[in-house]
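J.: Before I ask anything, let me first share the structure, which is written out below as structure tokens.
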Amino acid sequence: MLVTLRKLLAAMVGSLRDLAPILIVVAFFQIVVLQQPVEDIGRMLAGVVFIVLGLTFFIHGLEQGLFPIGESMAHAFARKGSIAWLLIFAFALGFGTTVAEPALLAVADEAASVAADGNMIPDSDAARARYAFGLRMAVALSVGFAIVLGVIRIIKGWPIQYLIIGGYVLIVVITAFAPSEIIGIAYDSGGVTTSTITVPLVTALGVGLASSVRGRNPMIDGFGLIAFASLTPMMFVMIYGILL
């Protein structure tokens, strides 16, 4: 119990240290450049405390929960020796984590509202909901596909650089045919998918799998799944825009 408290305290100090630069920047521009007093400083300080606590518990939760789960399941599938079940699990993990990603929910809803305002879709709640749902499904399917591709790469030992270069070349080609209204959303989708839920589990899966496969180096082969998860949503969303 005492060890856990010490770890939490150390993590809290680390979170405060990580937040210090942005706090200094905001305070400098507010006081020195804008020369305006800080309104309701009590509420602001309370917010900072909540952010520090949230980051501390989030990081501690990753270390205690998500990372061990991802690695242990990767080891278990490798011992089981079933490539089919491993690929099914990889797709389900990528799809499920992306559907639940808060950042993607926010971006999809905002994109639907903008599309309705721009007369791309009917200005109704049902139309906006369909557009946002379709966008989320396109991104989730793309991430599921990306994780499957990344797992196959680890098993086969394919060099990651050729897959990444080929992927971005394909993105440039698709961009030439995609509607201009969807290109920005597609490029942003690559970033919002790799956030708080997806990254820890996918990273743990890659490292755990690379540790379990003979001849694979976790440092060289275990990382890189996130790169695929950032790349494929751009393709899928632009294709979704072309079809829509």
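J.: Does ILE69 satisfy being open to solvent by 70 Å² or more (accessible area, probe 1.4 Å) and without any contact (Cβ under 8 Å) to a residue 60 or more places away in the chain? First the steps, then the outcome.
T.: Numbers: open to solvent by 70 Å² or more (accessible area, probe 1.4 Å): yes; without any contact (Cβ under 8 Å) to a residue 60 or more places away in the chain: no.
Spelling it out, it is not the case that ILE69 is open to solvent by 70 Å² or more (accessible area, probe 1.4 Å) and without any contact (Cβ under 8 Å) to a residue 60 or more places away in the chain.
J.: Kindly list, by first and then second residue, each pair from a residue in the stretch 131-148 that is without any contact (Cβ under 8 Å) to a residue 60 or more places away in the chain and part of a helix (DSSP H, G or I) to a residue that is among the basic types (Lys, Arg) and buried (at least 23 other Cβ atoms within 10 Å of the Cβ), limited to pairs with Cβ atoms under 9 Å and residues at least 6 apart or on different chains.
T.: Here the result reads none, with nothing in the stretch 131-148 linked to a residue that is among the basic types (Lys, Arg) and buried (at least 23 other Cβ atoms within 10 Å of the Cβ).
J.: I would also like to ask the following. Condition first: under 12 Å from THR193 (Cα atoms) and among the aliphatic types (A, V, I, L, M). Now tell me which residues in the stretch 83-134 satisfy that. Step through it out loud before you land on a result.
T.: Taking the stretch 83-134 and keeping what is under 12 Å from THR193 (Cα atoms), we get 94-108.
Hits for the stretch 83-134 are VAL99, ALA100, ALA103, LEU104, LEU105, ALA106, VAL107, ALA108.
J.: Condition first: surrounded by fewer than 20 Cβ atoms within 10 Å (Cβ to Cβ) and either in contact (Cβ under 8 Å) with a residue 12 or more places away in the chain or in a helix (DSSP H, G or I) (or both). Now tell me which residues in the stretch 112-127 satisfy that.
T.: SER113, VAL114, ALA116, ASP117, GLY118, MET120, ASP125, ALA126, ALA127 - these are the residues of the stretch 112-127 that are surrounded by fewer than 20 Cβ atoms within 10 Å (Cβ to Cβ) and either in contact (Cβ under 8 Å) with a residue 12 or more places away in the chain or in a helix (DSSP H, G or I) (or both).
J.: Follow-up question, since we're still on this one. Give the residue, chosen from VAL199, VAL148, VAL173, that is of a type outside the set (Phe, Trp, Tyr), modelled with pLDDT of 90 or more and open to solvent by 40 Å² or more (accessible area, probe 1.4 Å).
T.: Numbers: VAL199 fails: modelled with pLDDT of 90 or more; VAL148 fails: open to solvent by 40 Å² or more (accessible area, probe 1.4 Å).
After applying the criteria, what remains is VAL173.
Yes or no, residue by residue, for (1) open to solvent by 90 Å² or more (accessible area, probe 1.4 Å); (2) outside any loop (DSSP other than H, G, I, E, B); (3) touching a helix residue (DSSP H, G or I) at 6+ places or on another chain (Cβ under 6 Å):
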residue: ALA11; (1), (2), (3): no, yes, yes
residue: SER15; (1), (2), (3): no, yes, yes
residue: ASP18; (1), (2), (3): yes, yes, no
residue: LEU23; (1), (2), (3): no, yes, no
residue: VAL26; (1), (2), (3): no, yes, no
residue: ILE31; (1), (2), (3): yes, yes, no
residue: PRO37; (1), (2), (3): yes, no, no
residue: GLY42; (1), (2), (3): no, yes, no
residue: LEU45; (1), (2), (3): yes, yes, no
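J.: Then there is this: Could you figure out which of (1) free of Cβ contacts under 8 Å to residues at least 60 places away in the same chain; (2) surrounded by fewer than 16 Cβ atoms within 10 Å (Cβ to Cβ); (3) within 21 Å of the chain's Cα centre (by Cα); (4) assigned to a loop (DSSP other than H, G, I, E, B) isn't true of GLY215?
T.: GLY215 satisfies all of (1) free of Cβ contacts under 8 Å to residues at least 60 places away in the same chain; (2) surrounded by fewer than 16 Cβ atoms within 10 Å (Cβ to Cβ); (3) within 21 Å of the chain's Cα centre (by Cα); (4) assigned to a loop (DSSP other than H, G, I, E, B) except (3).
The values are calculated or read from the model by the stated rules, or taken from the named source; none is laboratory data. This is a predicted model, so every value here is computed, not measured. Neighbour counts are summed over all protein chains in view; Cβ atoms, including those assigned to glycine, are modelled from backbone coordinates with ideal geometry. The accessibility values were calculated without ligands, DNA or RNA, using every heavy atom of the protein model including side chains. Shrake-Rupley method; radii C 1.70, N 1.55, O 1.52, S 1.80 Å.
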